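The structure appears below as structure tokens.
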């Protein structure tokens, strides 16, 4: 607040406006103008969680705090008494709220007052007393810690004529506060304790490494068990992938959305193409496990035949052909640069190493030209480059079966690196390095001037 009122005008004007805008957008359904903003503000409807606008808001608030600290240290004396009293009042209010949050009953009533349908999980939380008690304790600890931080800042501001001590004190407080928050205001990870899901994490932990599951009811259980799930862990899923899953669900791909909570009536034969081994759904007697009718495909598989289909609907029609076998054939959208032999066995050996979320090193010993089918999501930003001598000078990562990857390989020994490299990543990296170097030069120049 002090920075918004007394900071340098060129800083506070923009930072305060942007911080206020981000906070308002983060309110989501609590914002009176939310329907109009959701409908007419370009791109706003694409965000799944509007509370994430608080992240850029925090950056602009930090800028305002820096502007306020700078104005205070410059010693112009404006609004100091009011600021100290305001900080003490804030500390008292936070302490009172923290004490009230210790009461699970009061906390439950508060959740009922702020609940907005479709915006939170308050209905589920209110029905589970144990979860309410845990969240109320965590909220109370967070509020009390914030009250202590505000009180400490007020005490530092009371030290008149000790500018250097104030600066160092604020710096130490800023360093210690995150550690104290992580230690004493622990926020537990809340999992929905559905009685029919008992023992599910243990079951998932026993699955082979590359096997995926499809759990339309609670897919995040796979993350806690360290296994793989059809929908993945990302906030955003490739549209091609979602369309393919919708196709396998028997739904219209034009209606594809990020996640569907529907269960499958039966196991589709092409789920094996996505490495799906099990479909899970809760039932009255426990978890209903539907095993895939076919053995899941490996992550890397050599295929000797292909057919070309242009357009999504044509690809899906080819995939729906009863004669299509994903273990023997791939549906491409264009002709590969390498002529294949058409063989369906003894094509070669593939080994993977140095794996990460963004890349993998692949060695292939090819007896015949073939397509390397990678049963992961395709994106135009996946690139492959040779590592050392190779039978071919370049590698194309082609869309296969609409959402997977295919790399044409000639006969011989291959060693190449496949990486996810969007152009903006390289540009952002150089911008960050340049900015860091500029900040270092400015800091060095400021230090030399002070000497």
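The values are calculated or read from the model by the stated rules, or taken from the named source; none is laboratory data. None of the values given here were measured: they were computed from a predicted structure. Don't worry about glycine lacking a Cβ; one is built from the backbone with ideal geometry, like all the others, and counts go over all protein chains shown.
Taken as a whole, the structure places residue 33 among residues that are surrounded by fewer than 13 Cβ atoms within 10 Å (Cβ to Cβ), farther than 25 Å from residue 239 by Cβ, at pLDDT below 85 and in contact with a helix residue (DSSP H, G or I) (Cβ under 9 Å, 6 or more places away or on another chain). Checked against (1) more than 20 Å from residue 253 (Cα to Cα); (2) surrounded by 17 or more Cβ atoms within 10 Å (Cβ to Cβ), residue 307 meets all criteria but (2).
Could you say whether any residue in region 342-362 is farther than 30 Å from residue 207 by Cα and out of contact with any helix residue (DSSP H, G or I) (no Cβ under 9 Å at 6 or more places or on another chain)? The answer is yes, given that some residue of region 342-362 is farther than 30 Å from residue 207 by Cα and out of contact with any helix residue (DSSP H, G or I) (no Cβ under 9 Å at 6 or more places or on another chain). Would it be correct to say that residue 171 is exposed (fewer than 12 other Cβ atoms within 10 Å of the Cβ), part of a helix (DSSP H, G or I), over 27 Å from the mean Cα position of the chain (by Cα) and at pLDDT 70 or above? It is true that residue 171 is exposed (fewer than 12 other Cβ atoms within 10 Å of the Cβ), part of a helix (DSSP H, G or I), over 27 Å from the mean Cα position of the chain (by Cα) and at pLDDT 70 or above. Here is the figure for region 349-367: residues that are touching a strand residue (DSSP E or B) at 6+ places or on another chain (Cβ under 7 Å) and surrounded by fewer than 19 Cβ atoms within 10 Å (Cβ to Cβ) total 11.
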